[in-house]
Amino acid sequence: MAVQEIDAPHPGPGELLVRIRSSGVCHSDVHQWKGDWPGERALMESKGVRVLGHEGVGAVESVGPGVSRFSVGDRVGVPWMNYWCGGCEVCLTGYAQWCPHAEVTSVTVNGTFAELAKVSERAAVPIPAALSEEEAAPLMCAGVTAYGAVRRLATELRIPPGKIVAIVGAAGGLGHYAVQIAQALGYRVAGIDVGEDRVRFVRGLGVEWALDASEAKSAIRALGGADAAIVFTPKLSGYELAFKLTRLVGGVVAVGIPDPKEGALPITPAGLINHGTRIVPANVGVSYEFDDLFRLYGTGRVKGHLARRGTLSDLSAILQEMADAKYVARAVVTI
Ligand SMILES: [Zn+2]
Ligand SMILES: [Zn+2]
(Lines give C-alpha, C1' and ligand atoms only; values in the text may rest on other atoms or scores of the structure.)
(Ligands and ions follow the chains in the order given, each with its own letter.)
Protein backbone atom coordinates (compact mmCIF):
# COMPACT_ATOMS: atom_id res chain seq x y z
CA MET A 1 0.00 0.00 0.00
CA ALA A 2 1.45 3.36 -1.02
CA VAL A 3 0.59 7.01 -0.31
CA GLN A 4 -0.61 8.54 -3.60
CA GLU A 5 -2.12 11.78 -4.85
CA ILE A 6 -5.66 11.29 -6.17
CA ASP A 7 -8.41 13.75 -7.14
CA ALA A 8 -10.30 15.25 -4.20
CA PRO A 9 -13.90 14.01 -3.94
CA HIS A 10 -16.80 16.49 -4.31
CA PRO A 11 -19.84 16.31 -2.02
CA GLY A 12 -23.04 15.57 -3.95
CA PRO A 13 -26.59 16.33 -2.77
CA GLY A 14 -27.00 15.36 0.90
CA GLU A 15 -23.30 14.66 1.32
CA LEU A 16 -20.49 16.07 3.45
CA LEU A 17 -16.84 16.31 2.55
CA VAL A 18 -14.75 15.65 5.66
CA ARG A 19 -11.10 16.56 6.28
CA ILE A 20 -9.92 13.43 8.08
CA ARG A 21 -7.59 13.84 11.06
CA SER A 22 -7.62 10.35 12.60
CA SER A 23 -8.56 6.98 11.22
CA GLY A 24 -8.68 3.69 13.06
CA VAL A 25 -7.33 0.52 11.46
CA CYS A 26 -9.79 -2.37 11.46
CA HIS A 27 -9.39 -6.08 10.86
CA SER A 28 -11.65 -5.64 7.84
CA ASP A 29 -8.92 -3.42 6.36
CA VAL A 30 -6.52 -6.34 6.78
CA HIS A 31 -8.92 -8.67 4.95
CA GLN A 32 -9.51 -6.14 2.18
CA TRP A 33 -5.77 -5.45 1.87
CA LYS A 34 -4.97 -9.17 1.64
CA GLY A 35 -7.80 -9.76 -0.85
CA ASP A 36 -9.57 -12.29 1.42
CA TRP A 37 -13.01 -11.12 0.37
CA PRO A 38 -13.31 -11.58 -3.43
CA GLY A 39 -16.88 -10.23 -3.57
CA GLU A 40 -15.87 -6.95 -1.93
CA ARG A 41 -12.74 -6.71 -4.05
CA ALA A 42 -14.89 -7.01 -7.22
CA LEU A 43 -17.27 -4.34 -5.89
CA MET A 44 -14.34 -2.01 -5.12
CA GLU A 45 -12.97 -2.45 -8.62
CA SER A 46 -16.35 -1.91 -10.29
CA LYS A 47 -16.83 1.31 -8.29
CA GLY A 48 -13.25 2.52 -8.78
CA VAL A 49 -12.61 2.51 -5.03
CA ARG A 50 -8.89 2.65 -4.15
CA VAL A 51 -8.80 3.93 -0.58
CA LEU A 52 -9.34 1.69 2.46
CA GLY A 53 -10.28 2.83 5.98
CA HIS A 54 -13.71 3.21 7.57
CA GLU A 55 -13.06 4.71 11.01
CA GLY A 56 -12.43 8.31 10.03
CA VAL A 57 -12.90 11.38 12.22
CA GLY A 58 -12.32 14.97 11.17
CA ALA A 59 -14.01 18.27 10.41
CA VAL A 60 -16.58 19.12 7.77
CA GLU A 61 -14.72 20.80 4.89
CA SER A 62 -17.72 21.52 2.66
CA VAL A 63 -21.34 20.43 2.29
CA GLY A 64 -23.36 19.44 -0.77
CA PRO A 65 -26.80 20.81 -1.71
CA GLY A 66 -29.61 20.11 0.76
CA VAL A 67 -27.45 19.41 3.83
CA SER A 68 -29.13 20.93 6.89
CA ARG A 69 -27.75 19.20 10.01
CA PHE A 70 -24.06 19.94 9.59
CA SER A 71 -21.96 23.04 8.86
CA VAL A 72 -18.38 23.60 7.81
CA GLY A 73 -16.05 22.98 10.76
CA ASP A 74 -18.31 20.53 12.65
CA ARG A 75 -16.49 17.47 13.98
CA VAL A 76 -17.89 14.30 12.42
CA GLY A 77 -17.11 10.65 11.98
CA VAL A 78 -17.13 8.71 8.72
CA PRO A 79 -18.10 5.13 9.60
CA TRP A 80 -18.41 1.91 7.56
CA MET A 81 -22.03 2.68 6.69
CA ASN A 82 -21.65 5.66 4.36
CA TYR A 83 -25.31 5.82 3.33
CA TRP A 84 -28.56 3.89 3.77
CA CYS A 85 -31.84 4.74 2.10
CA GLY A 86 -34.00 5.03 5.24
CA GLY A 87 -37.14 4.13 3.31
CA CYS A 88 -36.99 0.43 2.42
CA GLU A 89 -38.48 -2.35 4.56
CA VAL A 90 -35.05 -3.34 5.88
CA CYS A 91 -34.32 0.22 7.04
CA LEU A 92 -37.80 0.86 8.40
CA THR A 93 -37.76 -2.31 10.50
CA GLY A 94 -34.53 -1.22 12.24
CA TYR A 95 -31.90 -3.08 10.23
CA ALA A 96 -30.41 -0.26 8.14
CA GLN A 97 -26.99 -1.98 8.23
CA TRP A 98 -28.45 -4.46 5.76
CA CYS A 99 -30.10 -1.84 3.48
CA PRO A 100 -29.83 -3.12 -0.11
CA HIS A 101 -29.22 0.45 -1.28
CA ALA A 102 -26.42 1.12 1.20
CA GLU A 103 -23.09 2.68 0.31
CA VAL A 104 -20.11 1.39 2.25
CA THR A 105 -16.99 3.40 3.10
CA SER A 106 -13.90 1.79 1.54
CA VAL A 107 -16.00 -0.63 -0.53
CA THR A 108 -18.35 1.45 -2.70
CA VAL A 109 -17.00 4.90 -1.68
CA ASN A 110 -13.31 5.77 -1.17
CA GLY A 111 -12.29 5.31 2.47
CA THR A 112 -10.76 7.32 5.28
CA PHE A 113 -7.03 6.60 4.92
CA ALA A 114 -7.03 9.91 3.05
CA GLU A 115 -7.06 13.63 3.70
CA LEU A 116 -10.62 13.97 2.42
CA ALA A 117 -13.57 11.56 2.49
CA LYS A 118 -17.26 11.78 1.65
CA VAL A 119 -20.20 10.65 3.76
CA SER A 120 -23.96 11.13 3.52
CA GLU A 121 -25.52 13.49 6.04
CA ARG A 122 -27.65 10.58 7.31
CA ALA A 123 -24.64 8.40 8.09
CA ALA A 124 -22.27 11.10 9.40
CA VAL A 125 -21.66 10.81 13.15
CA PRO A 126 -21.55 14.00 15.26
CA ILE A 127 -18.60 13.67 17.65
CA PRO A 128 -19.12 14.93 21.25
CA ALA A 129 -16.74 17.70 22.32
CA ALA A 130 -15.38 15.59 25.20
CA LEU A 131 -13.97 12.94 22.85
CA SER A 132 -10.59 13.38 21.18
CA GLU A 133 -10.34 12.45 17.52
CA GLU A 134 -7.95 9.65 18.34
CA GLU A 135 -10.40 8.20 20.89
CA ALA A 136 -13.40 8.66 18.62
CA ALA A 137 -11.89 7.05 15.50
CA PRO A 138 -11.91 3.41 16.68
CA LEU A 139 -15.48 3.85 17.92
CA MET A 140 -16.63 4.39 14.31
CA CYS A 141 -16.42 0.66 13.57
CA ALA A 142 -14.87 -1.34 16.42
CA GLY A 143 -16.70 0.47 19.23
CA VAL A 144 -20.09 0.68 17.59
CA THR A 145 -19.92 -2.90 16.32
CA ALA A 146 -19.06 -4.09 19.81
CA TYR A 147 -21.90 -2.02 21.23
CA GLY A 148 -24.36 -3.31 18.61
CA ALA A 149 -23.34 -6.91 19.31
CA VAL A 150 -23.84 -6.55 23.08
CA ARG A 151 -27.10 -4.69 22.53
CA ARG A 152 -28.45 -7.65 20.57
CA LEU A 153 -28.32 -9.76 23.75
CA ALA A 154 -31.27 -7.74 25.00
CA THR A 155 -33.01 -6.71 21.79
CA GLU A 156 -32.83 -9.92 19.75
CA LEU A 157 -32.05 -12.69 22.23
CA ARG A 158 -33.94 -11.40 25.30
CA ILE A 159 -31.00 -12.19 27.58
CA PRO A 160 -31.19 -9.75 30.50
CA PRO A 161 -28.32 -8.22 32.54
CA GLY A 162 -26.99 -10.56 35.22
CA LYS A 163 -26.59 -13.42 32.77
CA ILE A 164 -23.24 -14.93 31.77
CA VAL A 165 -21.82 -13.79 28.45
CA ALA A 166 -18.71 -15.35 26.95
CA ILE A 167 -16.77 -12.98 24.71
CA VAL A 168 -14.59 -14.91 22.30
CA GLY A 169 -11.71 -12.76 21.07
CA ALA A 170 -11.89 -10.48 24.11
CA ALA A 171 -8.45 -8.85 23.67
CA GLY A 172 -9.05 -7.71 20.11
CA GLY A 173 -10.00 -4.35 18.66
CA LEU A 174 -13.72 -5.06 19.02
CA GLY A 175 -13.62 -7.55 21.86
CA HIS A 176 -11.92 -5.22 24.35
CA TYR A 177 -14.74 -2.70 23.89
CA ALA A 178 -17.41 -5.43 24.10
CA VAL A 179 -16.06 -6.74 27.40
CA GLN A 180 -16.35 -3.29 28.98
CA ILE A 181 -19.71 -2.48 27.41
CA ALA A 182 -21.23 -5.79 28.51
CA GLN A 183 -20.02 -5.22 32.07
CA ALA A 184 -21.27 -1.64 32.10
CA LEU A 185 -24.68 -2.95 31.01
CA GLY A 186 -24.70 -5.44 33.89
CA TYR A 187 -23.73 -8.74 32.28
CA ARG A 188 -21.33 -11.20 33.95
CA VAL A 189 -18.48 -11.47 31.47
CA ALA A 190 -16.11 -14.30 30.65
CA GLY A 191 -13.43 -12.83 28.38
CA ILE A 192 -11.69 -15.45 26.27
CA ASP A 193 -8.58 -15.11 24.12
CA VAL A 194 -5.46 -17.03 23.20
CA GLY A 195 -2.11 -16.78 24.99
CA GLU A 196 -0.89 -15.45 28.32
CA ASP A 197 -0.40 -11.82 27.26
CA ARG A 198 -3.85 -11.48 25.77
CA VAL A 199 -5.54 -13.18 28.74
CA ARG A 200 -3.66 -10.88 31.11
CA PHE A 201 -4.87 -7.86 29.12
CA VAL A 202 -8.46 -9.14 29.35
CA ARG A 203 -8.09 -9.66 33.11
CA GLY A 204 -6.95 -6.05 33.35
CA LEU A 205 -10.29 -4.98 31.87
CA GLY A 206 -11.89 -6.16 35.10
CA VAL A 207 -13.83 -9.17 33.85
CA GLU A 208 -15.20 -11.77 36.24
CA TRP A 209 -13.42 -14.55 34.33
CA ALA A 210 -10.41 -14.11 31.98
CA LEU A 211 -9.77 -17.40 30.23
CA ASP A 212 -7.47 -18.91 27.66
CA ALA A 213 -9.42 -20.58 24.85
CA SER A 214 -7.88 -23.92 25.85
CA GLU A 215 -9.45 -23.83 29.33
CA ALA A 216 -12.68 -21.99 28.44
CA LYS A 217 -14.87 -25.02 27.79
CA SER A 218 -14.27 -26.73 31.13
CA ALA A 219 -14.33 -23.46 33.10
CA ILE A 220 -17.60 -22.24 31.61
CA ARG A 221 -19.28 -25.63 31.69
CA ALA A 222 -18.47 -25.71 35.42
CA LEU A 223 -20.62 -22.57 35.69
CA GLY A 224 -23.46 -24.36 33.89
CA GLY A 225 -22.65 -22.82 30.53
CA ALA A 226 -22.88 -19.29 29.15
CA ASP A 227 -26.25 -17.75 28.38
CA ALA A 228 -24.70 -16.26 25.27
CA ALA A 229 -21.42 -16.08 23.43
CA ILE A 230 -20.33 -13.21 21.22
CA VAL A 231 -17.72 -14.21 18.65
CA PHE A 232 -15.27 -11.52 17.57
CA THR A 233 -12.48 -13.88 16.53
CA PRO A 234 -12.27 -14.02 12.74
CA LYS A 235 -11.67 -17.77 12.88
CA LEU A 236 -14.05 -20.67 12.56
CA SER A 237 -12.46 -22.14 15.69
CA GLY A 238 -13.95 -19.19 17.62
CA TYR A 239 -17.42 -20.24 16.50
CA GLU A 240 -16.75 -23.88 17.32
CA LEU A 241 -15.85 -22.82 20.84
CA ALA A 242 -18.92 -20.56 21.15
CA PHE A 243 -21.31 -23.38 20.28
CA LYS A 244 -19.66 -25.54 22.96
CA LEU A 245 -19.91 -22.85 25.62
CA THR A 246 -23.57 -21.94 25.38
CA ARG A 247 -26.21 -23.64 27.48
CA LEU A 248 -29.60 -24.86 26.16
CA VAL A 249 -31.43 -22.16 24.21
CA GLY A 250 -28.36 -19.95 24.48
CA GLY A 251 -27.50 -17.27 21.99
CA VAL A 252 -24.52 -16.87 19.69
CA VAL A 253 -23.89 -13.40 18.30
CA ALA A 254 -21.81 -13.57 15.13
CA VAL A 255 -19.42 -10.68 14.50
CA GLY A 256 -15.98 -11.96 13.44
CA ILE A 257 -15.77 -12.88 9.76
CA PRO A 258 -13.43 -15.81 9.08
CA ASP A 259 -11.82 -16.17 5.67
CA PRO A 260 -14.57 -17.78 3.54
CA LYS A 261 -12.05 -20.51 2.66
CA GLU A 262 -12.43 -21.75 6.26
CA GLY A 263 -15.93 -22.93 5.35
CA ALA A 264 -19.42 -22.70 6.90
CA LEU A 265 -20.57 -22.34 10.51
CA PRO A 266 -19.58 -25.44 12.50
CA ILE A 267 -23.07 -26.52 13.56
CA THR A 268 -25.47 -29.04 12.05
CA PRO A 269 -29.21 -28.39 11.79
CA ALA A 270 -29.71 -31.24 14.30
CA GLY A 271 -27.26 -29.63 16.74
CA LEU A 272 -28.94 -26.28 16.32
CA ILE A 273 -32.46 -27.61 16.88
CA ASN A 274 -31.72 -30.06 19.69
CA HIS A 275 -29.72 -27.46 21.63
CA GLY A 276 -32.11 -24.62 20.79
CA THR A 277 -29.18 -22.36 19.90
CA ARG A 278 -30.19 -18.96 18.59
CA ILE A 279 -27.75 -17.34 16.18
CA VAL A 280 -27.90 -13.60 15.59
CA PRO A 281 -25.66 -11.59 13.26
CA ALA A 282 -24.27 -8.21 14.28
CA ASN A 283 -22.96 -5.82 11.68
CA VAL A 284 -21.51 -2.39 12.48
CA GLY A 285 -23.95 0.28 13.69
CA VAL A 286 -26.11 3.25 12.80
CA SER A 287 -26.80 6.73 14.23
CA TYR A 288 -28.69 6.04 17.45
CA GLU A 289 -26.25 3.30 18.43
CA PHE A 290 -23.43 5.85 18.29
CA ASP A 291 -25.42 8.14 20.60
CA ASP A 292 -25.86 5.31 23.12
CA LEU A 293 -22.21 4.33 22.84
CA PHE A 294 -20.98 7.92 23.38
CA ARG A 295 -23.15 8.23 26.49
CA LEU A 296 -21.70 5.00 27.86
CA TYR A 297 -18.18 6.14 26.96
CA GLY A 298 -18.86 9.43 28.74
CA THR A 299 -19.45 7.58 32.03
CA GLY A 300 -15.78 6.48 31.95
CA ARG A 301 -16.74 2.81 32.23
CA VAL A 302 -15.65 2.06 28.66
CA LYS A 303 -12.18 3.02 27.48
CA GLY A 304 -10.37 2.43 24.22
CA HIS A 305 -6.90 0.97 24.30
CA LEU A 306 -4.64 2.23 21.51
CA ALA A 307 -1.82 -0.21 21.06
CA ARG A 308 -0.27 1.44 18.02
CA ARG A 309 -0.19 4.94 16.59
CA GLY A 310 1.19 5.91 13.20
CA THR A 311 0.76 7.96 10.07
CA LEU A 312 -0.45 7.08 6.58
CA SER A 313 3.02 5.94 5.53
CA ASP A 314 3.02 3.37 8.39
CA LEU A 315 -0.16 1.69 7.14
CA SER A 316 1.39 -1.27 5.32
CA ALA A 317 3.44 -2.09 8.42
CA ILE A 318 0.41 -1.73 10.71
CA LEU A 319 -1.75 -3.96 8.50
CA GLN A 320 0.96 -6.62 8.50
CA GLU A 321 1.34 -6.38 12.29
CA MET A 322 -2.41 -6.81 12.67
CA ALA A 323 -2.42 -9.78 10.27
CA ASP A 324 0.26 -11.29 12.53
CA ALA A 325 -1.79 -10.47 15.70
CA LYS A 326 1.16 -8.50 17.06
CA TYR A 327 -0.84 -6.51 19.57
CA VAL A 328 -4.08 -6.33 21.52
CA ALA A 329 -6.85 -3.79 20.97
CA ARG A 330 -6.61 -1.08 18.35
CA ALA A 331 -4.34 0.91 16.02
CA VAL A 332 -4.97 4.49 14.80
CA VAL A 333 -3.29 6.62 12.15
CA THR A 334 -3.10 10.41 12.15
CA ILE A 335 -3.56 12.13 8.81
ZN1 LIG B 1 -14.28 -2.26 10.67
ZN1 LIG C 1 -32.91 0.97 2.99
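The values are calculated or read from the model by the stated rules, or taken from the named source; none is laboratory data. Worth saying up front: this structure is predicted, and the values here are computed from it rather than measured. When we count neighbours, we look across all protein chains shown, and the Cβ atoms used for this are built from the backbone with ideal geometry, even at glycine. Areas reflect the complete protein model, heavy atoms only, side chains present, ligands, DNA and RNA absent. Shrake-Rupley method; radii C 1.70, N 1.55, O 1.52, S 1.80 Å.
Please count how many residues of the range 1-55 are of a type in the set (D, E, K, R) and in contact with a Ser or Thr (Cβ under 8 Å, 6 or more places away or on another chain).
Total meeting the criteria: 5.
Restricting the first member to the range 175-187 and to residues that are surrounded by fewer than 22 Cβ atoms within 10 Å (Cβ to Cβ), and the second to residues that are hydroxyl-bearing (Ser, Thr, Tyr), the beta-carbon pairs closer than 8 Å and six or more apart or on different chains are Ala184/Thr299. Identification of strands (runs of 3 or more DSSP E) wholly contained in the range 1-88 with 3 or more residues that are out of contact with any Cys (no Cβ under 7 Å at 6 or more places or on another chain) and within 16 Å of ligand 1 (Cβ to nearest atom) yields 15-25. For first residues located in the range 270-289 and in contact (Cβ under 8 Å) with a residue 12 or more places away in the chain, partners that are assigned to a helix (DSSP H, G or I) and of a type in the set (Gly, Ala, Ser) and lie 6+ apart or on another chain with Cβ distances below 8 Å form the pairs Thr277/Gly271; Ala282/Gly148; Ala282/Ala149; Asn283/Gly148; Val284/Gly148; Gly285/Gly148; Val286/Ala96; Glu289/Gly148. Ser23 falls short on exactly one of the conditions (1) buried (at least 20 other Cβ atoms within 10 Å of the Cβ); (2) modelled with pLDDT under 95; (3) more than 21 Å from Gly263 (Cα to Cα); (4) among the small types (Gly, Ala, Ser), and that condition is (2).
Is it the case that some residue within the range 145-158 is in a loop (DSSP other than H, G, I, E, B), at pLDDT 95 or above and of a type outside the set (D, E, K, R)? So far as the range 145-158 goes, yes, one or more of its residues are in a loop (DSSP other than H, G, I, E, B), at pLDDT 95 or above and of a type outside the set (D, E, K, R). So Ile192 ticks every box in (1) closer than 22 Å to Gly238 by Cα; (2) over 18 Å from the mean Cα position of the chain (by Cα) but one. Which box is left unticked? Only one criterion in (1) closer than 22 Å to Gly238 by Cα; (2) over 18 Å from the mean Cα position of the chain (by Cα) is unmet by Ile192, namely (2).
Results for (1) at negative phi; (2) modelled with pLDDT under 95; (3) open to solvent by 20 Å² or more (accessible area, probe 1.4 Å); (4) of a type in the set (Val, Ile, Thr), shown as yes or no for each residue.
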| residue | (1), (2), (3), (4) |
| --- | --- |
| Val60 | yes, no, no, yes |
| Ser68 | yes, no, yes, no |
| Val72 | yes, no, yes, yes |
| Gly77 | yes, no, no, no |
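Residue under question is His31, and the condition is that it be touching a residue at least 40 places away in the same chain (Cβ under 8 Å), open to solvent by 50 Å² or more (accessible area, probe 1.4 Å) and within 24 Å of Ala2 (Cα to Cα); does it hold? Against the criterion (touching a residue at least 40 places away in the same chain (Cβ under 8 Å), open to solvent by 50 Å² or more (accessible area, probe 1.4 Å) and within 24 Å of Ala2 (Cα to Cα)), His31 does not qualify.
Checked against the criterion of being of a type in the set (Asp, Glu) and out of contact with any strand residue (DSSP E or B) (no Cβ under 8 Å at 6 or more places or on another chain), the range 219-236 contains not a single residue that satisfies it. Annotation note: Cβ proximity below 8 Å between a residue of the range 151-163 that is touching a residue at least 40 places away in the same chain (Cβ under 8 Å) and a residue that is open to solvent by 70 Å² or more (accessible area, probe 1.4 Å) and assigned to a loop (DSSP other than H, G, I, E, B) (sequence gap 6+ or interchain) occurs for Leu153/Lys163. Counting only residues that are part of a helix (DSSP H, G or I), farther than 17 Å from Gly169 by Cβ and under 24 Å from the mean Cα position of the chain (by Cα), the range 213-230 holds 0 of them. Open to solvent by less than 10 Å² (accessible area, probe 1.4 Å), within 16 Å of ligand 1 (Cβ to nearest atom) and of a type in the set (A, V, I, L, M, F, W, C): is that true of Ala166 in this structure? No, not satisfied. Look through the range 13-57, keep the residues that are of a type in the set (Asp, Glu) and touching a strand residue (DSSP E or B) at 6+ places or on another chain (Cβ under 8 Å), and return whichever of them is nearest to ligand 2 (Cβ to nearest atom). Looking at residues that are of a type in the set (Asp, Glu) and touching a strand residue (DSSP E or B) at 6+ places or on another chain (Cβ under 8 Å), I get Glu15. Within the option set Val90, Val104, being touching a helix residue (DSSP H, G or I) at 6+ places or on another chain (Cβ under 6 Å) and hydrophobic (A, V, I, L, M, F, W, C) holds for one residue only, Val90.
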